[in-house]
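Report on one structure; see the data block that follows.
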Amino acid sequence: MVSRNLLLSLFASTAFALDCSSHELLSKFRISNSKSLIEKTSVWQTPPSLTFENWFIDICQTSNNTRCNDDDYLCSTTEVQVQTPASQESKLLTQMIHFNDKLDTDVDIFQHHNEKGFQFVLYNNVWGDKTFDTKLLYHCSKNKETDELVFFRWLHDQLIIKIDGPSGCLIDENDSLFDKKCLGWEYFKISMISSMIIMLGLVGLIKYLHSLGYLQQQQQQQQQQDQEQLQLDEEKGLLE
């Protein structure tokens, strides 16, 4: 018999998991039917040490990654290794950032020039005294067998991570998903242009009506001045 504590533990570890295979949008991409784990390590010489920056990304949470927590979509660690005989080249963990599945997320397709894929956004991640959003761009690259973290970049309060590989490709290449997005964008542009034309027409009409009012006001002022002048002339005639 399974204990109550074990059931609660299992529920807690899977309650917020993202099921890519049943997700409305992600299920259309190859990430939904493959292992989504991406590992990337960058090494810098920082004498007298080496600095290792490690990234572990698994938004579908399909792998048992021991470097991140069970509820992480991704995590990042920074380690320093002092290169001296006394240190025995052991690494010291100096930084760790978790991006877990309790954060608000959003998924959408993206298309920029010839690049197509999807983006996965995590909002309001807190690390120390910093709060930032994280955007993962999965770019379809058919000539790669596995996904590769191409770059990551901090831009003010946002972290941008770009990933090239098969996960960003549609399962069905004949799917009209991107065409629908383009049609929606074209409709939006047409609507915006139409709205601008209407606004310009209204502005022109207002200016025209204003000019008519101004002319009428000028005519009324001129008539009033003519009447006043006529009255003065009559008064002068009486005095003479």
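Only the coordinates and a few stated rules stand behind these numbers; no lab work does. Quick caveat, the model's predicted, so the values are computed rather than measured. Glycine also receives a Cβ, built like all others from the backbone with ideal geometry; neighbour counts cover every protein chain displayed.
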| note | Highest mean packing first, using Cβ neighbours within 10 angstrom, the peptides 137-149, 121-133 sort as 137-149, 121-133
| field | Ratio of the Cα radius of gyration of region 13-175 to 2.2 N^0.38 Å, where N counts its residues | value | 1.12
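Can you put Arg153, Arg30 in order of Cβ neighbours within 10 angstrom, beginning with the fewest?
So the residues, fewest neighbours to most, are Arg153, Arg30.
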| task | Mind scanning Lys40/Lys102; Lys35/Lys130; Lys35/Lys162; Lys28/Lys135; Lys102/Lys135 and naming the pairs with a C-alpha gap bigger than 22 Å? | result | Lys40/Lys102; Lys35/Lys130
| message | Quick check for me: using +1 on Lys/Arg Cβ and -1 on Asp/Glu Cβ, what's the dipole size of region 13-175 about its Cα centre, in debye to the nearest 20? | response | 400 debye
